[in-house]
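Peer 1: The structure's right below; bear with me while I get my questions together.
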Ligand SMILES: [Zn+2]
């Protein structure tokens, strides 16, 4: 499996063992056809190391990721069938049709922003459905 896109965050956190500053690294990655969130903590002081793979990305950490990387914008490069796009958005985001319509409005307006792996995944699903979608870096 190959990694297509990722966004990472680095912090310092107190070591669970010796309380000295430890490195905390979180990585959100698009692996295969799904998003993963992995966290690794390593302490240079005592050698403590732990990796938590496949965890849940909390909203506040996601906001930090967006803040640090600037996110990506989902763009449609050609006119697309509204129904096709809505169907993909519903399935990929796990939302109701009403919410997907709101997302679609943002996509048309060029204001739908997510983390790079999130938007890349959406763009890929759309391309698989025949929609010419891309994830472009940066805020609108
Ligand atoms: Zn330590």
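Peer 1: Quick check on segment 72-137: take the gyration tensor over C-alpha atoms, sort the square-rooted eigenvalues as a ≥ b ≥ c, and tell me if it's rounded (a/c under 1.5), prolate or oblate.
Peer 2: Values: a/c = 1.31, a/b = 1.17, b/c = 1.12.
Rounded.
Peer 1: While we're on this one: Per DSSP helix of 4 or more residues, -39500 (n - 2.57); summed, then divided by the residues of the chain. What does that give at 222 nm, rounded to the nearest 500? Write out the running numbers ahead of the final one.
Peer 2: Details: 4 runs with 49 residues, N = 140.
Helix-only estimate at 222 nm: -11000 deg cm²/dmol.
Peer 1: Sort 21-32, 49-60 for me by packing, meaning the mean count of neighbouring Cβ atoms within 10 Å per residue, highest on top. Before the final figure, lay out each step's value.
Peer 2: Values: 21-32: 17.7, 49-60: 10.5.
Put in order of decreasing packing, that is 21-32, 49-60.
Peer 1: Report, in whole Å, the centroid distance computed from the Cα atoms of segment 105-131 and segment 3-55.
Peer 2: Distance between centres, Cα-based: 27 Å.
Peer 1: What is the Cα radius of gyration of the chain over 2.2 N^0.38 Å, N being its residue count?
Peer 2: On the way: Rg = 17.6 Å, N = 140, 2.2 N^0.38 = 14.4 Å.
The chain yields a ratio of 1.22.
Peer 1: Tell me the label-point distance for the pair residue 82, residue 19, using the 7 Å Cα-to-Cβ offset, in nm and rounded to one decimal.
Peer 2: If labels sit at residue 82 and residue 19, their model points lie 6.2 nm apart.
Peer 1: Give the value in nm², to one decimal: projected area of the alpha carbon convex hull of segment 3-69, averaged over all directions. Could the numbers behind the result be given before it?
Peer 2: On the way: hull surface 19.0 nm².
One quarter of the hull surface, i.e. the mean projection, equals 4.7 nm².
No lab work stands behind these numbers, since they all come straight from the coordinates. From a predicted model like this one, the values you see are computed outputs, not experimental measurements. Note that we place each Cβ from the backbone using ideal geometry, even for glycine, and neighbour counts take in every protein chain shown.
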